[in-house]
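Encoded as structure tokens, the structure appears first; notes follow it.
Where a number appears in this text, it was derived from the coordinates with a stated rule and is not lab data. Quantities reported herein were computed from a predicted structural model and do not represent experimental measurements. Note: ideal-geometry Cβ built from the backbone for every residue, glycine included; neighbour counts use all protein chains shown.
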Amino acid sequence: MGKSVAEKLIDSHLVSGEPVKGKEVNIRIDQTITQDATGTMAYLQFEAMGVPRVATELSVSYVDHNTLQYGGFENADDHRFLQTLASKYGIYFSKPGNGICHQVHLERFGKPGRTMLGSDSHTPTGGGIGMLAIGAGGLDVAVALGGGPFSLTYPKVVLVNLKGKLKPWVSAKDVILELLRRMTVKGGVGKVIEYGGEGVKSLSVPERATITNMGAELGATSSVFPSDDVTREFLAAQGREADWIELKADEDVKYDEVIEINLSKLEPMIARPHMPDQVCKVSEVEGLKVDQVCVGSCTNSSYRDLMLVSEVLHKGGHKVHPEVSMTISPGSKQVLDMMALNKGLSHLIEAGARILEATCGPCIGNGQSPPSGGVSLRTFNRNFEGRSGTKDGKVYLCSPEVAVAAAVYGVITDPRKLGKFPKVKAPAKFLIDDSMVIPPAKDPNKVAVSRGPNIKELPKQAALPESLKGRVLIKLGDNITTDHITPAGTWLKYRSNVPKYSESVFSQIDARFHEKAKAAGGGFVLGGENYGQGSSREHAALCPMYLGIKAIIAKSFARIHKDNLVNFGILPLTFENAADYDSIEDGDELELPGLRQALTAGETVTLKNVTKGREYKLRHGYSPRQIETILAGGTLNYTTAARA
């Protein structure tokens with residue numbers, strides 16, 4: 001039987017394990033990327049392992065989340081820490097202003113056929129050029145930096161068979177929004193989404209990257225396109241044709257599932273608040289007044305995306321509506337520089353758009369929060385409640401085409417009403433200037449790692465005891481995101497200060513949760529379906545660990561967050577009978593007796609509700625490696641012991 005692109009990538013990097021769907025395997029990682037919101041902790045963990053030099057083919061440390069040096073020294077100090085550590089340990093450092101990690105890496109470093117692990121959930125952007133690119137927690141990345149393999153469940157592979165060709169004013173964003181409408185935010189769990197069919201040839205690499213980027217919202221392990229002539233042309237335009245290899249699925253491959261999308265029948269789509277899968281046609285919400293339009297983020301900040309917006313405004317003679325605030329976040333210095341040279345940037349400014357840095361910015365809640373109750377149309381990938389920085393802000397996700405139409409008319413508008421579609425040609429050669437990427441030092445002994453006062457020691461977790469006791473500290477519903485657990489925005493400056501950052505845990509739901517957890521000496525958290533979806537932010541496990549959270553008991557978990565919980569010695573457990581969730585209340589005293597023996601003996605553990613006098617069966621679903629990790633008190637303990 002033939003192999004899919006995803007299977008070829010996994011199998012060619014297999015270190016151990018049997019390539020059978022649902023079984024755990026270990027794969028070699030060629031490249032890693034980090035960003036400043038997660039990278040600081042990842043590198044502190046890497047240091048703690050005592051490895052003298054990174055063992056990967058290429059590792060890059062990006063600064064793209066917290067580039068505004070507001071409110072104190074914390075961000076600037078962390079950036080200095082990141083740069084000096086990168087220099088010492090063999091990592092390339094992309095300075096603030098060089099761009100968003102996913103966009104820059106696609107342009108300058110990504111290679112078809114390689115594996116990449118990133119401490120950001122949107123790392124699968126690299127699948128747009130035929131990489132197996134996977135988002136993970138920072139601790140998993142730290143292990144990969146030291147030469148350790150990455151463990152994953154061998155995924156099912158879903159083929160999205162693309163037919164036809166996109167019509168004017170319909171874009172790649174509409175493709176992934178349509179897929180989210182069909183599959184939901186849980187539909188990709190345990191799967192790699194692979195794109196094929198004749199329609200693939202009509203999509204440029206930046207368009208493919210938009211689609212693979214938002215595969216993270218499906219809960220998928222990764223998303224991938226074949227590497228073909230379109231890929232080669234993109235790499236050649238970046239001066240990197242030598243990095244190209246052909247990569248395609250075998251003709252006789254049998255996929256686990258096939259979904260067909262006819263590109264020529266798609267129309268402009270939009271995701272309503274507050275979840276990326278709340279998708280409908282633009283025509284269904286047309287006419288809604290808009291307060292803000294934000295174009296950019298790692299999903300839609302390419303040269304093609306921003307030049308399209310510029311051309312619509314300029315050639316149509318349009319201005320931004322007087323009651324709309326419009327911002328533009330370029331994805332990279334390369335994009336910003338090229339648009340400045342061809343007047344695309346000045347056309348945006350003339351139309352009334354505000355130009356932001358080449359960073360994540362508003363997408364991560366750093367600036368541009370909408371007004372109270374305001375409607376914000378964003379070309380971003382997430383619209384979770386409160387993520388924008390405004391609790392009651394109504395964030396819609398859309399394409400650049402839909403965004404610019406709203407900016408012009410002041411209401412949600414079908415972009416096809418703008419008239420003739422301006423074609424944006426891909427450059428035959430991109431402007432190449434890597435001067436803001438700093439290579440590592442040739443002599444690491446001459447480099448001293450700089451540490452500001454906000455960088456605190458790593459919290460330690462003890463080995464798992466025989467039993468766990470405590471009360472339910474909070475009971476939550478479905479689709480709790482990592483933004484609910486540890487919010488981003490202004491809190492991110494405490495990313496290397498876990499004691500301080502832990503004060504944010506569940507603060508949007510219960511402002512005094514951290515006080516309650518400390519006073520109780522820790523306890524349990526109860527969750528619904530898809531607990532921990534969203535960002536790969538490992539602080540959503542690390543900070544609860546610091547507060548003494550012993551286990552998260554939920555109906556189901558998002559992949560990355562479940563792995564992060566295991567990494568930090570917190571037990572993620574699911575109900576064997578989901579209805580048992582209803583019989584446990586906030587404040588109930590719980591006990592998990594005989595844990596160490598139960599974990600090694602089978603798939604279930606017993607939960608006692610001391611308050612109600614009831615018992616429940618919980619499933620853990622851990623691999624033998626994960627059981628050893630949990631018993632040791634987390635990956636850092638487990639890895640350190642293995643190296644001793």
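At a glance:
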quantity: Environment charge at residue 464 (Cβ cut-off 10 Å; Lys +1, Arg +1, Asp -1, Glu -1); calculated: +1
quantity: Furthest towards positive pole of dipole, 31, 367, 485, structure part the chain, Cβ charges; calculated: 367
quantity: Extension gain from residue 429 to residue 443, taking 0.36 nm per residue of separation minus the Cα-Cα distance; calculated: 1.6 nm
quantity: 0 to 90° range, to nearest 10: angle between helix 36-48 axis and the chain longest Cα axis; calculated: 40
quantity: Candidate aspartates and glutamates - alpha carbon under 14 Å from residue 173, same-chain residues fewer than 8 apart omitted; calculated: 207, 217, 267, 277, 305, 401
quantity: Charge dipole magnitude, Cβ of K and R +1, D and E -1 - the chain, Cα centre, debye nearest 20; calculated: 560
quantity: Degrees, to the nearest 10: 74-89 long Cα axis against longest axis of the chain; calculated: 80
quantity: Chymotrypsin sites (Phe, Trp or Tyr not before Pro) restricted to the range 391-448 and DSSP loop, no more than 13 other C-beta within 10 Å; calculated: none
quantity: Sequence-distant aspartates and glutamates (8 or more away, or on other chains) whose Cα lies within less than 16 Å of residue 265; calculated: 174, 178, 198, 414
quantity: Net lengthening on full extension, residue 354/residue 596 (0.36 nm per residue, minus Cα-Cα); calculated: 81.4 nm
quantity: Formal net charge of residues neighbouring residue 368 (Cβ-Cβ distance under 13 Å; K, R +1; D, E -1); calculated: +1
quantity: Inter-site label distance for residue 451 and residue 70 at 7 Å from Cα along Cβ, in nm; calculated: 2.9
quantity: Partner lysines for residue 612 [C-alpha distance under 29 Å; skip if fewer than 8 residues away on the same chain]; calculated: 469, 475, 516, 518, 550, 555, 562
quantity: Protection-proxy order for peptides 272-282, 100-110, each taking the mean of Cβ atoms within 10 Å per residue, highest first; calculated: 100-110, 272-282
quantity: Cα-based helix-to-principal-axis angle, 303-315 vs the chain, degrees rounded to 10; calculated: 40
quantity: For the range 269-417: lysine pairs under 27 Å (alpha-carbon distance), excluding those fewer than 8 apart on one chain; calculated: 21
quantity: Most positive-pole-ward Cα, 130, 51, 192, against dipole of the chain from beta carbon charges; calculated: 51
quantity: Segment residue 315-residue 18, length gained on full extension (0.36 nm per residue, minus Cα span); calculated: 101.2 nm
quantity: Cα-based shape type of the range 289-338, given that a ≥ b ≥ c are square roots of the gyration tensor eigenvalues and the cut on a/c is 1.5; calculated: oblate
quantity: q = 0.05, 0.10 Å⁻¹, the chain: log10 I(q)/I(0) [Debye, one scatterer per Cα]; calculated: -0.21, -0.87
quantity: Cα-based Lys pair tally, the range 1-106, threshold under 29 Å, eight or more apart or on separate chains; calculated: 4
quantity: Rg over Rh, two decimals, the range 371-436 (C-alpha only, Kirkwood Rh); calculated: 1.13
quantity: Cα gyration tensor shape of the range 468-643, rounded if a/c is under 1.5, else prolate or oblate by comparing a/b with b/c; calculated: oblate
quantity: Neighbour-limited loop hits for GluC sites (Glu not before Pro), the range 1-92 (at most 15 other Cβ within 10 Å; DSSP other than H, G, I, E, B); calculated: 57
quantity: Alpha-carbon centroid distance for the pair the range 552-575 / the range 118-140, whole angstrom; calculated: 20
quantity: Rounded to 5, the percent of DSSP beta bridges in the chain classed as antiparallel; calculated: 35
quantity: Rounded if a/c under 1.5, otherwise prolate or oblate - the range 252-340, Cα gyration tensor axes; calculated: oblate
